[in-house]
Every structure is written in C-alpha cells, then in structure tokens.
Amino acid sequence: MKVLVTGGAGYIGSVATEELIRAGHDVVVFDNLSQGHRAAVHPQAKLVVGDLADIQAIHALFNEHKPEAVMHFAARSLVGESMQTPFLYLGENVTNGSNLLQVVLEHGVKRFILSSTANLFDNPAKIPIDETVQIIPGSPYGESKFFIERMLYWLDKTHGLRSACLRYFNAAGATAERGEDHNPETHLIPVALQVAQGKREKVTVFGSDYPTRDGTCVRDYIHVVDLAQAHILALEALHKGSRTYNLGNGAGFSVKEVIETARSITGQDIRAEYGPRRGGDVATLVAGSDKIRKELGWKPIRTDVRSIIQSAWKWHSKNPQGYSDR
Ligand code: UDP
C-alpha cells in the first residue's frame, strides 16, 4: 500500500516508516524538518519537505503521490511546552490536522491512523487505563489530540473515513538505525542518557510529592518498534471499521526507577536533583492494552524497561551527537 507518513523524519514516524518498508509498503514522508532529521528518513522512502500549515502544499503532495493511507505523526508533542504556549497546540496542532484531513477527504483517501496520546487521561478513575476511562485531557497538548480524534469520529460518519486513534503511553528505545534525537531534548530517558554521556550535568526530577510509591511520576514505557507494529496491524484492520486503542506494556516505572535503571545500564553515576512539578503532568499513566491484544493480536516484544533503555543506550552510544553524526 502507498502510505503517507507525516512527521516521518521524527522519532516515532521514522521508525514507523522503517517498519512499513520492512512490511513491503511504499512510503512518502512529509515533514517540515523542524524537529525531524533528513538522515532519519529510511532511504527507500520518498521525503517531501513541507508544512501542514500550507494546505496547497498538501494538495500538491496528494496529487503527485496519491497515497492510499495516512499515518499522522507530525505535531508538537510536549506537555510542558503546551502549558506555557497553549496556542502552538490548540491552534497549530489542530489547524494542521484539520488541513490534512480536508485534503484527505477531497482526495478520497479512506484510511487514517492518528498518533494520539495518554495525556487524554488526567487523574484517571482506574489504572491500568483502558479505552473505557473517561477522557479528560491533561494539557493543551492532550486536548489538541482529542480535537483530532473527534474530527475523525465525525469524518467516519460523514464520509466513511476509517481511522485508528492510537494513544501511546511513553514511547522509548531505538532500532539499530533510528533513535530519539530532539533539540532541545526534554524526555526523561534520553535526558538521563545524555547525563551519562557527559553532555549534560544532571537530570532534574520534576516533582517528588506525587501520590506514587516513591513520590515521582509513574509512566508506562513502550518500545518504539512495538508501537510501530501496532500501527501496521491497525492499518491492515481498518477496512473492518474505525477503532481506538491505548498502547502500553501495562507496567509502570517511576522517574526514580528509570534513572536508577539508566545508571545500572550505563555504569555512570547519573546526577539527579529534585525540582518542582512540571505543569500538565499526571501522577500515574499505565495503559490497559487488552483491546488491541485481543482484536489485532498485538503483542509487544520488548516489554521490560531495562531492555528498552538498553536499546536507547546502544543507539546513543553509536550516535553521540544524534543524527548530526551522519
Ligand atoms: N521527567 C523528569 N525530568 C526530565 C524529563 C521528564 O522528571 O528531565 C518526568 C516527567 O515529569 C514525567 C516523566 O519523566 O513524569 C516522563 O516524561 P517525558 O517528558 O519523558 O514524557 P511524557 O510523559 O511527557 O510523554
């Protein structure tokens, strides 16, 4: 199938592209390279540099490449940033998603996969969080993804656009070729590994007074290849109807535990200090993923946080300057 991957030069999008190509699909990547890297795009994928704010550029992309399905990763995705500059999210993320969907409808594309988030579940009534838990976005970032989920709900009803909303918990880890390289880096695992590499002095733990076992936030870390596999399974099942899945391993690790594991893997004394809470963070986010396991037979392979961090460390050790090494 010919698949358009927006944000395919970014962390998760580039790994999804790699897995799509491995599964025999043709991929066109559309990315403005604001966070993504040219070197992250699989050599067999076609890269078109452009911005989803430019609806004419999206039309031209569809006219030229005629995708049969879309995987939409391109978006701003930082909870903390969204609390400080909400309109990058409530404005830009939502408008860009709506531009893309207008073009999808006009060109008659019927398959769409959305990269959604666990930040839809602020203060969840139960853990693990399955798809029945009430949606209360935790930040403007989560809200921006929810808006697009709602657009997809209506476009299914009005135009038969079949979609899958995949709500990821915390993507982490790397393949041999592709890993996490943001500038600035804000995610816990790469930040801790940068301290181990001597590229940063310390990691600040955002809050130590949460109602969790050690006072720090608990997250469900999922390997990026397992996430990518879920996208491919969802794509193959779309003809049977639209669907929504929460994606995680079902086990939570605290910020302290992640840093401790990173210390043990790297053999470095990663300096950590306690700071205030980061706006928009939820105490515990652990996924209930039974639905996708049952319906699509999804089975994550790299389930323990140690092997996930190990794969990230391998990539960071091989690419100490990230993609700029290439
Ligand atoms: N975190 C932290 N220090 C950092 C980066 C993150 O304490 O330098 C915490 C953050 O508050 C959250 C968890 O680590 O509780 C995971 O954050 P990350 O930004 O990696 O992913 P998110 O949960 O925002 O998707």
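General remarks:
- Scanning the stretch 203-221 for residues that are within 8 Å of the ligand (Cβ to nearest atom) and at positive phi returns a single hit, Gly207.
- Residues (in contact with a helix residue (DSSP H, G or I) (Cβ under 6 Å, 6 or more places away or on another chain), over 28 Å from Asp209 (Cα atoms) and polar (S, T, N, Q)) located in the stretch 267-325: Gln310, Asn319
- Selection within the stretch 1-35: residues that are within 24 Å of Ile55 (Cα to Cα) and among the charged types (D, E, K, R). The member of this set that is least open to solvent (accessible area, probe 1.4 Å) is Asp31.
- Pro43, sole failed condition from (1) buried (at least 17 other Cβ atoms within 10 Å of the Cβ); (2) at pLDDT 95 or above; (3) not β-branched (Val, Ile, Thr): (1)
- Qualifying residue in the stretch 76-97 (condition: closer than 15 Å to Lys145 by Cα, open to solvent by 40 Å² or more (accessible area, probe 1.4 Å) and of a type in the set (Gly, Ala, Ser)): yes
Here is a yes/no grid of residues against (1) within 16 Å of the ligand (Cβ to nearest atom); (2) open to solvent by less than 70 Å² (accessible area, probe 1.4 Å):
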site: Val109; (1), (2): no, yes
site: Phe121; (1), (2): yes, yes
site: Lys126; (1), (2): no, no
site: Asp130; (1), (2): no, yes
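- Checking each residue in the stretch 271-310 for being in a helix (DSSP H, G or I), crowded, with 20+ Cβ neighbours inside 10 Å and either within 16 Å of the ligand (Cβ to nearest atom) or of a type in the set (Lys, Arg) (or both) picks out Val305, Ile308, Ile309.
- Among (1) within 26 Å of Leu238 (Cα to Cα); (2) open to solvent by 40 Å² or more (accessible area, probe 1.4 Å); (3) within 16 Å of the ligand (Cβ to nearest atom); (4) of a type in the set (D, E, K, R) - the single one Arg162 does not satisfy: (3)
- Boolean, Phe169 is over 19 Å from the mean Cα position of the chain (by Cα), within 12 Å of the ligand (Cβ to nearest atom), closer than 27 Å to Pro124 by Cα and surrounded by 18 or more Cβ atoms within 10 Å (Cβ to Cβ): no
The values are calculated or read from the model by the stated rules, or taken from the named source; none is laboratory data. No experiment lies behind these values; they were computed from the predicted model shown. Note that we place each Cβ from the backbone using ideal geometry, even for glycine, and neighbour counts take in every protein chain shown. SASA here: full protein model, heavy atoms, side chains in, ligands and nucleic acids out. Shrake-Rupley method; radii C 1.70, N 1.55, O 1.52, S 1.80 Å.
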